[in-house]
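Reading through the structure tokens given below for one structure.
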Amino acid sequence: MISENIEFPNFLPSAVGQLTEPTSVALAQNIKQIAIPTSLSAEPIATTYVSQGSGGTPFLLIHGFDSSILEFRRLLPLLAAESETYAVDLLGFGFTDRPVGVELSKSNIKTHFYSFWKTLINQPVILVGASMGGAAAIDFTLTYPEVVQKLVLIDSAGLVGGSPAGKLMFPPLDYLATEFLRNPKIRNSICRAAYKNKQLVSLDAQLCGGLHLQVPSWSKGLIAFTKSGGYSAFRFQELAQIVQNTLILWGDSDKILGTKDAIRFKRAIAQSQLIWIENCGHVPHLEQPQITAQHIIAFCS
């Protein structure tokens, strides 16, 4: 149990005080909230993010499905030692607001993400997307190529579209589906599947992966995003339009997405290189953060 003397932002769930890993505690303490004006609603959207470091071309990190910026607790400090680094909770995810009346579609997620970039960064970035965040990064790069200087995909989604869970997202199955995902045993099972080294599936790791579930609108947001269809599969013709130098990092023991898509991304994106992260599952940025950071920094320099 973390000392009660440590203070965390008051917009985070109270269970944040149970974090124990130093990187988790440090990142949670530095989570900020800003009201981002967008074209999606009359009111600005309360958006959570972390920024560290200074100088250089900024890194901008995008988390995976049903996750949050806590996913980058081990990678972000390593990148921030080299350049200014940002991580943001996407619209409808993490601790960012889920505004009533705003559809949680990939189009609106992209609009909100661009508004965040415009408000806080407003210069070309090195865009880093993990899992579903990779699909979001690809979508953003294709729409705003002038914003993305280089692209990094970590065990990226984007070659298989939608989610079978979408068929369940109508009452009362939608509620039952999200309650299934909320179950601690289910989340522990998903967490264990993401790692090759099961010893890394600590109580702290499980708390980081589930803290955002305590946001009151989590269930409604997940249902709305899934019903929207999520991120559809990109055609090879679309991926071929990516002109940025692209680094594809992939755990050689990924049991979530497998390993075939890594090669398919390499073939589809002309200016790309593929690096396998050895003895690693679906989350190299958590399982092998030092090696992952080294590859990203070398690629960008």
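The values are calculated or read from the model by the stated rules, or taken from the named source; none is laboratory data. Nothing here was measured: the structure is a model prediction, and the numbers come from that model. In this analysis, Cβ positions are derived from the backbone assuming ideal geometry, glycine residues included, and neighbour counts consider all displayed protein chains.
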## Note on the structure
Taking region 104-146 and the residues there that are in contact (Cβ under 8 Å) with a residue 40 or more places away in the chain and assigned to a loop (DSSP other than H, G, I, E, B), the one that is surrounded by the most Cβ atoms within 10 Å (Cβ to Cβ) would be S131
### Message
Taking the conditions exactly as written (of a type in the set (G, A, S), in a loop (DSSP other than H, G, I, E, B) and farther than 17 Å from L207 by Cα), does A42 satisfy them or not?
### Response
yes
### Query
List, please: which pairs have Cβ atoms under 9 Å, are six or more places apart or on different chains, and start with a residue in region 78-93 that is over 22 Å from H295 (Cα atoms) and end with one that is charged (D, E, K, R) and buried (at least 24 other Cβ atoms within 10 Å of the Cβ)?
L91/D97
### Task
Kindly provide the set of residues from region 181-207 that are among the hydroxyl-bearing types (S, T, Y) and in contact with a helix residue (DSSP H, G or I) (Cβ under 6 Å, 6 or more places away or on another chain), ordered by number.
Y195
### Flag for Q18 being in contact (Cβ under 8 Å) with a residue 12 or more places away in the chain, closer than 29 Å to C300 by Cα and either of a type in the set (S, T, N, Q) or in contact with a Phe, Trp or Tyr (Cβ under 8 Å, 6 or more places away or on another chain) (or both)
no
### Task
Determine which single condition D174 fails, assuming it passes every other condition in (1) modelled with pLDDT of 75 or more; (2) among the acidic types (D, E); (3) part of a helix (DSSP H, G or I).
(1)
### Query
Applying the selection to region 34-61, what residues are of a type outside the set (S, T, Y), more than 20 Å from L127 (Cβ to Cβ) and either loosely packed, with under 15 Cβ neighbours inside 10 Å or under 17 Å from the mean Cα position of the chain (by Cα) (or both)?
A35, P37, A42, E43
### Given (1) modelled with pLDDT under 95; (2) in contact with a strand residue (DSSP E or B) (Cβ under 9 Å, 6 or more places away or on another chain), number of the condition P58 does not satisfy
(1)
### Members of region 73-92 that are out of contact with any Gly (no Cβ under 7 Å at 6 or more places or on another chain), of a type outside the set (V, I, T) and not in a helix (DSSP H, G or I)
R73, R74, L75, Y86, A87, D89, L90, L91
### Task
Considering only region 191-217, state which residues are free of Cβ contacts under 8 Å to residues at least 40 places away in the same chain and surrounded by 15 or more Cβ atoms within 10 Å (Cβ to Cβ).
C191, R192, V201, Q206, G210, L213
### Summary
Counting only residues in region 75-91 that are surrounded by 24 or more Cβ atoms within 10 Å (Cβ to Cβ) and either among the aliphatic types (A, V, I, L, M) or over 12 Å from the mean Cα position of the chain (by Cα) (or both), the one farthest from T178 (Cα to Cα) is identified as L79
### Task
Report whether or not L120 is touching a strand residue (DSSP E or B) at 6+ places or on another chain (Cβ under 8 Å) and either at pLDDT below 95 or within 26 Å of L213 (Cβ to Cβ) (or both).
no
## Note on the structure
Going through region 21-39 in order, the residues found to be in contact (Cβ under 8 Å) with a residue 40 or more places away in the chain, outside any loop (DSSP other than H, G, I, E, B) and in contact with a Leu (Cβ under 8 Å, 6 or more places away or on another chain) are S24, L27, A28, I34
### Task
Could you pull out every one of the helices (runs of 4 or more DSSP H) wholly within region 203-279 that has 2 or more residues that are among the aliphatic types (A, V, I, L, M)?
203-210, 218-227, 260-268
